[in-house]
2 protein chains.
Amino acid sequence: MADAPSTGTKPDPSRSQPQATSPQKGGSGAARSTRFETHPDRYRHWQLTFPVEHGGAVARLAMNVKEDGGGDYVLKLNSYDLGVDIELADALQRIRFEHPAVKALVITSGKDRIFSSGANIYMLGSSTHAFKVNFCKFTNETRLYLEEMSSETGIASVAALNGTASGGGYELALACDAIVLQDDGSSAVSLPEAPLLAVLPGTGGLTRLVDKRQVRRDLADVFSTLAEGVRGKRAVSWHLVDESPSRSQFDTAVKNRADALVATSKRKPHPPIALQPLEVTRREGGAEYKYVSLALDHAARTAALTVRAPTEPLPTTPDELAGAGSDAWILRAFRELDDALLDLRFNQPHIGVVALKTAGAPAAVLAVDHLLHTYGDDPLVRELTLFVRRVLKRLDLSAKTFFALVDPGSCFAGTLLELALAADRVYMLDADDGAVSLYTSRLNAGAYPMSNGLTRLGSRFLREPSRVSRVLEHAGPIDTKRAVEEGLVTFAPDDIDWEDEIRIAFEERASYSPDAMTGMEASLRFAGPETMETKIFGRLTAWQNWIFQRPNAVGQRGALTLYGSPERPEFDFRRT
Amino acid sequence: MADAPSTGTKPDPSRSQPQATSPQKGGSGAARSTRFETHPDRYRHWQLTFPVEHGGAVARLAMNVKEDGGGDYVLKLNSYDLGVDIELADALQRIRFEHPAVKALVITSGKDRIFSSGANIYMLGSSTHAFKVNFCKFTNETRLYLEEMSSETGIASVAALNGTASGGGYELALACDAIVLQDDGSSAVSLPEAPLLAVLPGTGGLTRLVDKRQVRRDLADVFSTLAEGVRGKRAVSWHLVDESPSRSQFDTAVKNRADALVATSKRKPHPPIALQPLEVTRREGGAEYKYVSLALDHAARTAALTVRAPTEPLPTTPDELAGAGSDAWILRAFRELDDALLDLRFNQPHIGVVALKTAGAPAAVLAVDHLLHTYGDDPLVRELTLFVRRVLKRLDLSAKTFFALVDPGSCFAGTLLELALAADRVYMLDADDGAVSLYTSRLNAGAYPMSNGLTRLGSRFLREPSRVSRVLEHAGPIDTKRAVEEGLVTFAPDDIDWEDEIRIAFEERASYSPDAMTGMEASLRFAGPETMETKIFGRLTAWQNWIFQRPNAVGQRGALTLYGSPERPEFDFRRT
């Protein structure tokens, strides 16, 4: 599935597949690229249908992984790789935008007696450490999107386990609102990673077990070390699943659950928005989208990521917004940004420091924000705002340093101001004629909470919460002097120093150990309260990072390395 | 500083020093043992005084590290190793028990122009991964004890930085309630670990920076990458320190702060309790204390840790309790348990699974609990309860599997029931004649919260909080049948199966990858809310574990390895 670098050509989206390759160990990632766009017409592993029995109110996603769809490994038993998960993420996005009548989701398997055996082990065993970590992060994001789709949009989900769900398969079920496991004497749920592979369940499983489902910790301990898993009534009594009907009762039980979710859904209809393919020109030196540019400096290990304000006439009502479809700036620009962030994560491992830039007319962005705020209760407006929220979270969670650069012509206004607030530092040119400004909008007050549940302004001013309202109440441009006073800016060099200071800051940052920067940023970005989400990314991910490189897992005699071979792993039994 | 194993002999506490050795890489830890007992008379690195100017209300701890006191490395510039921290932990404990008049603490340096340069880098560079991780955990516990001493006992602390505080030195200051930094043109605070050593500040520094002191995240980012640190007024304006008086004003400023803390302290006096040396007989196969036994099975990589109920006549009033001094069961048994846990952590790295056992008369423990509960407001009783709380937290945070074994003669009652509730699993013999029982006491209702702020019962029954009160309201013994019903027990084999089932459970557990077990247990033990404490242990520690074994830090060309040499580190710049 290697993908030759596409230079200066627009991809033909009707032919491209999501390329979820696992870079060979030691590979730079430059020769093979992972792409994240797909479409239901091209799904190889999932079937998205809308069963007539529910009159279109229920979407059904059936996993039926194509065994030879992965690459160098065989995707047996509905095991998955990144390509499978890219399709799932795409399906969730489309259900929200393209199928406004859907009020519940059933996730099941298209295979008999097996729901999913989780992430493919040979794929994991042959992947680089960085790929494994990024793969887990992406799958975790997708699981969280499933949960957010339930809590925010009112599309709750049922995991209809018509067979065994192991590892990541069970973790996918854990991300659903309800789990129905067929009681047929063999179908089980399990998290066999620790006993079989010497790694942790990598998609939030342990956290969801004790935090979301609140399984008793000792039962969770037994369950997480029981490779064969737990079946039927015991799975119900341990709260691992919600119901375990017999094979003959299974379909009815799932249907009843789905009906109940439809009946209590708070989802309100909006015009469908078809998500058109992104138009992007990729070069060795970056990528050019309509509103987003990614410029790579491979030698310096830095990049510049620019988001441009809208230039077309702007919709002024939700109807006009719907009419613009996926070309509406707010959707298109943030879909492009999302794609660029994933490109940076998966395909540009050597890039350490990213300049966040904006360009265009602040008034245009503020007009968009005005529309989104004024019609905040409109279902489509809400869906768009939630999408931007998810993309901004993806930015917070990307393991790259982000420095925002505010200079003449930049457009850090309202929604785009969030990019600066998400950055590790903000550099703003000290222009005393007011030539450089920041702008807030009402959307900075709560539309885009971070994973910790706080706004980016709230996270920034934990010590002095009064600063948040002071900044928000300030109407009109915030010039450099004022931005410094308000605490929005880290450094404000004047035009004599600007270039040198920025150059040195980027050079310095790019010279540090990337591991130390990743750990440091993960610790500094999320002060304040913790949520299940921050637990999954901050705590579980960190433990998994550690374990993913321990010789007991990935050494020559490690359990992950030897899985499937007749040889037994050898462990260094010293406890750390 | 290698310590020959002491076989069958009681140590002479008047001669022994804390042996804080850093095991050689690859060493089993068996040949060198770390011991945690010391006494102010034998401190080599700290001076504990009670300045007359405060009339005994202020304790002053001055760090003056003996350069040749560490072992193979030189402890320059008040850098510290485990031995230095063991003395600090001992001093804090003694201030609380032996010096009841103390209402504030000043931590300063006995050297001019340097407060502390943090953990000794050559010690870290020459230590095993497991030792580094355990060292960081112990120092974090000591910092948290400092904070708990302020919040719970009313002894707040001032870090009097009469010179530069770097890395762990500044982290120690962060654990104090107030930081006064001398403004002399050179003294600075800094966290240079990331830029200089490619590791994270390992003692909670990043978390305390943004969570405790709520330093703005971008300023925290700059600060944590600025090897030379921040001085004077800038340190104040970034909230890195609270005050930065000139050299001539420094002593007065510190004295004023200490006076103010004394004036607002809520501490109430109690009779002093001298902490007598522990009496312990150590053998290759374990250790024998008065109330605690540690039995090691090196071949099976398991251990049994037994705590025995009191046998002597019990105090019935706080006065009698004070009269018993450190021989009082509650203090002696838990000091012994604390010592055994540290022994397991540092000296028994190969032990993976620990059986938690108890023995003796439940009535005796319940009588102690009755006293502690009845006189809960008594300052000494409160101090004793807080001590038990800290030891139980040490148990929660130990990277070993704990299985509690409840069988005839066991004594899981009240305070000792917490051991079972802290265990990863509870095995209870199914004896239908009521021969085996658990007992609750009022102390299980809130005296011993975990790091997450919940009781162990509360953490166990997150899903069904009503179970907590049902268990607590149950007067008298809880037999096996009832214990199973109440959800207190994981497995209840009968006497035909007991031995086999326990053996197999221990064998299986000991056969798994110890890394996977550590990560799994850390995730399952602390469901529910997060606190600064769980953030430090769950999140920061995990990131540090990861980074501590990355080649960029500890590889042949890693920054930690090459520190102090003329060579520059070489990094693999791929971001993970």
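The values are calculated or read from the model by the stated rules, or taken from the named source; none is laboratory data. Predicted model, so just to flag it, every value in this text is computed and none were measured. Cβ atoms come from the backbone with ideal geometry, glycine included; neighbour counts cover every protein chain shown. We work out accessible area using only protein heavy atoms, side chains counted, and drop any ligands, DNA or RNA first. Shrake-Rupley method; radii C 1.70, N 1.55, O 1.52, S 1.80 Å.
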Criterion: more than 7 Å from chain B (Cβ to nearest Cβ) and either open to solvent by less than 10 Å² (accessible area, probe 1.4 Å) or touching a Pro at 6+ places or on another chain (Cβ under 7 Å) (or both) - qualifying residue of A:Thr534, A:Thr541: A:Thr534
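This table checks each residue for (1) farther than 17 Å from A:Ser157 by Cα; (2) in contact with a helix residue (DSSP H, G or I) (Cβ under 8 Å, 6 or more places away or on another chain).
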| site | (1), (2) |
| --- | --- |
| A:His54 | no, yes |
| A:Arg60 | no, no |
| A:Met63 | no, yes |
| A:Glu67 | yes, yes |
| A:Gly70 | yes, yes |
| A:Val74 | yes, yes |
| A:Asn78 | yes, yes |
| A:Asp90 | no, yes |
| A:His99 | no, no |
Every pair of residues 6+ apart whose Cβ atoms lie under 6 Å, when the first sits in region B:485-499 and is free of Cβ contacts under 8 Å to residues at least 60 places away in the same chain and within 16 Å of A:Leu219 (Cα to Cα) while the second is surrounded by fewer than 14 Cβ atoms within 10 Å (Cβ to Cβ) and of a type outside the set (Gly, Ala, Ser): none
In region B:403-428, residue nearest to B:Lys481 (Cα to Cα) [restricted to those that are in contact (Cβ under 8 Å) with a residue 60 or more places away in the chain and in a strand (DSSP E or B)]: B:Met428
Within region B:226-265, track down each residue that is open to solvent by 10 Å² or more (accessible area, probe 1.4 Å), within 14 Å of chain A (Cβ to nearest Cβ) and in a loop (DSSP other than H, G, I, E, B). B:Leu226, B:Ala227, B:Glu228, B:Trp238, B:His239, B:Asp242
Candidates A:Gln544, A:Gln556, filtered to the one that is farther than 26 Å from B:Cys136 by Cβ and among the polar types (S, T, N, Q): A:Gln556
Among (1) among the small types (Gly, Ala, Ser); (2) in contact with a strand residue (DSSP E or B) (Cβ under 7 Å, 6 or more places away or on another chain); (3) surrounded by fewer than 20 Cβ atoms within 10 Å (Cβ to Cβ), where does A:Ala361 come up short? (2)
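Answer yes or no as to whether B:Val365 is part of a helix (DSSP H, G or I), touching a Lys or Arg at 6+ places or on another chain (Cβ under 9 Å) and among the β-branched types (Val, Ile, Thr). Step through it out loud before you land on a result.
Working: part of a helix (DSSP H, G or I): yes; touching a Lys or Arg at 6+ places or on another chain (Cβ under 9 Å): no; among the β-branched types (Val, Ile, Thr): yes.
When the stated conditions are applied, B:Val365 does not pass them.
Only one of A:Ile478, A:Ile504 is of a type in the set (Val, Ile, Thr), surrounded by fewer than 17 Cβ atoms within 10 Å (Cβ to Cβ) and more than 8 Å from chain B (Cβ to nearest Cβ); which?
On the way: A:Ile478 fails: surrounded by fewer than 17 Cβ atoms within 10 Å (Cβ to Cβ).
Unique residue meeting the criteria: A:Ile504.
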Taking region B:180-222 as the region of interest, how many residues are more than 9 Å from every other protein chain (Cβ to nearest Cβ) and on the phi > 0 side of the Ramachandran plot? 2
Considering only region B:45-86, how many residues are in a strand (DSSP E or B), in contact (Cβ under 8 Å) with a residue 60 or more places away in the chain and open to solvent by 30 Å² or more (accessible area, probe 1.4 Å)? 1
Only one of (1) surrounded by fewer than 23 Cβ atoms within 10 Å (Cβ to Cβ); (2) more than 7 Å from chain A (Cβ to nearest Cβ) fails for B:Phe573. Which number is that? (2)
Could you identify the single residue in A:Ala235, A:Ala274, A:Ala260 that is in contact (Cβ under 8 Å) with a residue 60 or more places away in the chain and not polar (S, T, N, Q)? A:Ala274
Kindly indicate which of A:Arg509, A:Arg557 is open to solvent by less than 30 Å² (accessible area, probe 1.4 Å) and not hydrophobic (A, V, I, L, M, F, W, C). A:Arg509
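Among the residues of region B:312-324, how many are open to solvent by less than 50 Å² (accessible area, probe 1.4 Å) and over 13 Å from B:Val381 (Cα atoms)? So that I can check it myself, show each step before the final result.
To start, the set of residues in region B:312-324 that are open to solvent by less than 50 Å² (accessible area, probe 1.4 Å) comprises B:315, B:317-318, B:321-322, B:324.
From what is left, the residues that are over 13 Å from B:Val381 (Cα atoms) are none.
Residues that pass the stated criteria total 0.
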Condition broken by B:His129, with the remaining ones in (1) open to solvent by 10 Å² or more (accessible area, probe 1.4 Å); (2) within 14 Å of another protein chain (Cβ to nearest Cβ); (3) touching a Leu at 6+ places or on another chain (Cβ under 8 Å) satisfied: (3)
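Please note which strands (runs of 3 or more DSSP E) are completely contained in region A:268-341 and include at least 2 residues that are in contact with a helix residue (DSSP H, G or I) (Cβ under 7 Å, 6 or more places away or on another chain).
Working: elements: A:281-283, A:286-288, A:292-297, A:302-308.
Once the strands (runs of 3 or more DSSP E) in region A:268-341 are filtered for at least 2 residues that are in contact with a helix residue (DSSP H, G or I) (Cβ under 7 Å, 6 or more places away or on another chain), what remains is A:292-297, A:302-308.
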Looking at (1) buried (at least 24 other Cβ atoms within 10 Å of the Cβ); (2) closer than 21 Å to A:Glu530 by Cβ; (3) not small (Gly, Ala, Ser), which is the only condition A:Glu193 fails? (2)
Taking region A:134-153 and keeping residues open to solvent by 10 Å² or more (accessible area, probe 1.4 Å) and either on the phi > 0 side of the Ramachandran plot or within 14 Å of chain B (Cβ to nearest Cβ) (or both) leaves A:Asn134, A:Cys136, A:Lys137
Filter result for B:Arg113 (closer than 28 Å to B:Val230 by Cβ and surrounded by fewer than 22 Cβ atoms within 10 Å (Cβ to Cβ)): yes
Sole exception among (1) closer than 21 Å to A:Glu499 by Cβ; (2) in contact (Cβ under 8 Å) with a residue 60 or more places away in the chain; (3) crowded, with 20+ Cβ neighbours inside 10 Å; (4) away from chain B (no Cβ under 14 Å) for A:Tyr439, by number: (1)
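Could you go through region B:489-500 and let me know if any residue there is under 26 Å from B:Val368 (Cα atoms) and open to solvent by less than 70 Å² (accessible area, probe 1.4 Å). Please lay out each step first, then the result.
Going residue by residue through region B:489-500, those that are under 26 Å from B:Val368 (Cα atoms) are B:489.
Next, from what is left, pick out any that are open to solvent by less than 70 Å² (accessible area, probe 1.4 Å): B:489.
Within region B:489-500, one or more residues are under 26 Å from B:Val368 (Cα atoms) and open to solvent by less than 70 Å² (accessible area, probe 1.4 Å).
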Set A:Val65, A:Val102: member being in contact with a His (Cβ under 6 Å, 6 or more places away or on another chain) and over 23 Å from A:Ala553 (Cβ atoms): A:Val65
Near pairs, Cβ below 6 angstrom, 6+ apart or cross-chain, from region A:532-555 (on the phi > 0 side of the Ramachandran plot) to any residue that is in a helix (DSSP H, G or I): none
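A quick yes/no check of all residues on (1) without any contact (Cβ under 8 Å) to a residue 12 or more places away in the chain; (2) over 30 Å from A:Met532 (Cα atoms); (3) out of contact with any Cys (no Cβ under 8 Å at 6 or more places or on another chain):
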| position | (1), (2), (3) |
| --- | --- |
| A:Asp430 | no, yes, yes |
| A:Leu454 | no, no, yes |
| A:Glu473 | yes, yes, yes |
| A:Glu501 | no, yes, yes |
Test: B:Asp327 is free of Cβ contacts under 8 Å to residues at least 24 places away in the same chain, more than 21 Å from the chain's Cα centre (by Cα) and open to solvent by 10 Å² or more (accessible area, probe 1.4 Å): no
Does at least one position in region B:170-178 carry a residue that is surrounded by 24 or more Cβ atoms within 10 Å (Cβ to Cβ) and among the acidic types (Asp, Glu)? yes
